[in-house]
Amino acid sequence: MMEYCLPVRVYIEDTDAGGIVYYVNYLKFMERARTEMLRSLGFDKAGANPGSTQFVVVAAQIDYRKPARLDDQLQVTAEVQELRGASLEFRQRVLRDGEVLCAGQIRIACVEGDSLRPARIDNAMRRALTEH
C-alpha cells in the first residue's frame, strides 16, 4: 500500500517555551495524516453520524529521534501496514527534509458508534485501502 504524505508547518501553539514541538503534538500530526489519507480516499465523514462506525486508537508505539522546532516544514506520513477485519495498523513518520524525527506504529480499531463494540471495516473502505 502506498504512503500518504501530509505537509505540516510547526506553529507556536505546537511548541513548548523553548520553541521545540511538545511530544504529544507528534501524535496530533499523525492523526491529521491518517484523517487526510482517508479523506483523500473519499471517506471524509467517518464517525460523524450517530450510530455509524468510527475509528479509535487502541495502541501507539512512538520513537522520538530528533526535535522539530518552531516554523519547521514537516512531512507526516501514513501507510497501512496491516488491514484486518476490524482494525488497521499504520506505520507513520514525521520528517524534516527527508530526516525522520519521529516514527510510530499506530493500531486503529473500527467500532460501532453507539456501543463502541468492534465492527468490521466497511467493504468500500477496505477496497479503497487495498487499491491505494
Relative contact order, percent, the chain [alpha-carbon distance under 8 Å, six or more residues apart]: 30
Extension gain (nm, one decimal) between Tyr22 and Met2, 0.36 nm per residue minus Cα-Cα: 4.3 nm
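Could you compute Rg(Cα) / (2.2 N^0.38 Å) for the chain, with N its residue count?
On the way: Rg = 15.4 Å, N = 132, 2.2 N^0.38 = 14.1 Å.
The reported ratio for this selection is 1.10.
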Accessible area (Å², 1.4 Å probe, nearest 10) - Glu131: 150
Distant-in-sequence amide H partners of Leu74 (H built 1.01 Å from N, under 5 Å): Val8, Arg9, Val10
Whole-Hz couplings from phi, Karplus 6.51/-1.76/1.60, listed for the stretch 111-126; x for Gly and Pro: 10, 5, x, 7, 9, 6, 7, x, 9, 5, 5, 3, 4, 5, 5, 4
Most fluctuating residue given options Leu27, Leu88, Leu41, as computed from a GNM of the chain linking Cα atoms under 10 Å: Leu41
Positive dipole terminus of the chain, leading residue within Leu83, Ile106, Ala68 (C-beta point charges): Leu83
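When ligands, DNA and RNA are left out and all protein chains stay put, how many square angstrom of accessible area per residue does the chain have with a 1.4 Å probe?
Details: 7580 Å² over 132 residues.
For the chain, the solvent-accessible area averages 57 Å² per residue.
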FRET efficiency estimate (nearest 0.05) - Cβ-Cβ, Ala124 to Arg9, R0 22 angstrom: 0.10
Size of the stretch 65-127 as Cα extents on the principal axes (Å, biggest first): 40, 24, 18
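Please report, as a whole percent, how much of the solvent-accessible surface of the chain comes from carbon and sulfur atoms (probe radius 1.4 Å). List each step's numbers first, then the result.
On the way: 3620 of 7580 Å².
That share works out to 48 percent.
The values are calculated or read from the model by the stated rules, or taken from the named source; none is laboratory data. All values reported here derive from a predicted model rather than from experimental measurement. Don't worry about glycine lacking a Cβ; one is built from the backbone with ideal geometry, like all the others, and counts go over all protein chains shown. Only protein heavy atoms, including side chains, enter the accessible area calculation; ligands, DNA and RNA are left aside. Shrake-Rupley method; radii C 1.70, N 1.55, O 1.52, S 1.80 Å.
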